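Engineer: My structure is below; once you've seen it, I'll send some questions.
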Amino acid sequence: VLKNIDFKLNIDTAPDAAWLQAATMENLEHQTAMNQITGRNDTQPVGDGENGVAKAEDGYTWTQNDEEIEIVISLKSEDGSSITSTKETKGGGGLKVKFFAKKMNVEFRKKDIVSLSFYASVDPDGCTWTLDSDANGVNLVVTCEKNDGVSWPRVTV
């Protein structure tokens, strides 16, 4: 039986809404029951950024597990080319990363390069950043501890 219901904005649609917290487990239980009935062994598709598969967004990529989210931002020179050595960042010089419960701001060489309003809250004291270099250049790698301990469907609101 299908039934239409109205959602109350910011109450029923909040990431910590009771029905949303229970939905993943209820869906898995339903899927398991349907697999037993049909004899199939289907699994739910992997969520964005899960199982180590990075999800590409505008200006960054991200991965997640239930406890934390990792955001990777490629650092660019003023002309837009990739920075190829961590020496060019002078140990993070000119790089400012500010963490808040529901957002993160990144400034590099006095320019805002990423500003994210998180899907759900993080623990600002549990957020860190490092610089990493690979064949494509230097990346800022941000790791934040989630407060809710669940998978996010996306990084931003």
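The values are calculated or read from the model by the stated rules, or taken from the named source; none is laboratory data. This structure is a prediction, so every number in the text was calculated from the model and none was measured. We place every Cβ from the backbone using ideal geometry, glycine too, and count neighbours over all the protein chains shown. What goes into the accessible areas is simple: the full protein's heavy atoms, side chains included, and nothing from ligands, DNA or RNA. Shrake-Rupley method; radii C 1.70, N 1.55, O 1.52, S 1.80 Å.
Engineer: When the chain is fully extended, how far beyond the present Cα-Cα distance does E26 get from K98, taking 0.36 nm per residue of separation?
Structural biologist: This chain segment gains 22.2 nm when fully extended.
Engineer: Calculate, for the chain, the solvent-accessible area per residue in square angstrom, rolling a 1.4 angstrom probe over the heavy atoms of the protein chains.
Structural biologist: Values: 10500 Å² over 157 residues.
Averaged over the residues of the chain, the accessible area is 67 Å².
Engineer: Further, regarding this structure: If packing is taken as the mean number of other Cβ atoms within 10 Å per residue, what is the order of 125-138, 102-115, 14-27, highest first?
Structural biologist: Put in order of decreasing packing, that is 102-115, 125-138, 14-27.
Engineer: Subtract the Cα-Cα distance of N35 and T128 from 0.36 nm times their separation in residues, and report this length gain in nm to one decimal. Don't skip to the end; give the middle numbers.
Structural biologist: Numbers: separation 93, 0.36 × 93 = 33.48 nm, distance 4.16 nm.
Taking N35 through T128 to full extension adds about 29.3 nm, to one decimal.
Engineer: Just the Cα atoms of the chain, one point each, no solvent: what log10 I(q)/I(0) does Debye give at q = 0.12, 0.14, 0.17 Å⁻¹?
Structural biologist: At q = 0.12, 0.14, 0.17 Å⁻¹ the computed log10 ratios are -0.64, -0.80, -1.03.
Engineer: Here's a follow-up. Give me the dipole magnitude in Debye, nearest 20, for segment 1-147 about the Cα centre, with unit charges on the beta carbon: positive for Lys and Arg, negative for Asp and Glu.
Structural biologist: Approximately 520 debye in magnitude.
Engineer: A further question follows. Could you go through segment 59-75 in sequence order and give the Karplus-derived ³J(HN,Hα) for each residue, using 6.51 cos²θ - 1.76 cosθ + 1.60 with θ = phi - 60°, rounded to whole Hz, and x for Gly and Pro?
Structural biologist: Coupling constants for segment 59-75: x, 6, 10, 8, 9, 7, 9, 5, 8, 8, 10, 10, 10, 10, 10, 6, 8 Hz.
Engineer: Using the basic label-point model (7 angstrom from Cα toward the beta carbon), what is the E70 to D16 distance in nanometres?
Structural biologist: About 2.7 nm separates the two model spin labels.
Engineer: For V114, what residues show an amide H to amide H distance below 5 Å, using hydrogens built from the backbone and excluding near sequence neighbours?
Structural biologist: HN-HN under 5 Å from V114: V106.
Engineer: List the residues whose amide H sits under 5 Å from the amide H of G126, counting only those 5 or more places along or on another chain, with H placed 1.01 Å from N in the peptide plane.
Structural biologist: Correct list: E145.
Engineer: Mind checking segment 1-64 for trypsin sites (Lys or Arg not before Pro) that DSSP puts in a loop (not H, G, I, E or B) and that have at most 14 other Cβ atoms within 10 Å?
Structural biologist: When the trypsin sites (Lys or Arg not before Pro) of segment 1-64 are filtered for loop state and at most 14 Cβ neighbours within 10 Å, K3, K8, R40 remain.
Engineer: Further question: Which angle from 0 to 90°, rounded to the nearest 10, does the C-alpha axis of helix 18-38 make with the longest principal axis of the chain?
Structural biologist: 60 degrees
Engineer: Straight distance only, please: which lysines reach the Cα of K96 with their own Cα at less than 18 Å, same-chain residues fewer than 8 apart left out?
Structural biologist: K76, K87, K110, K111
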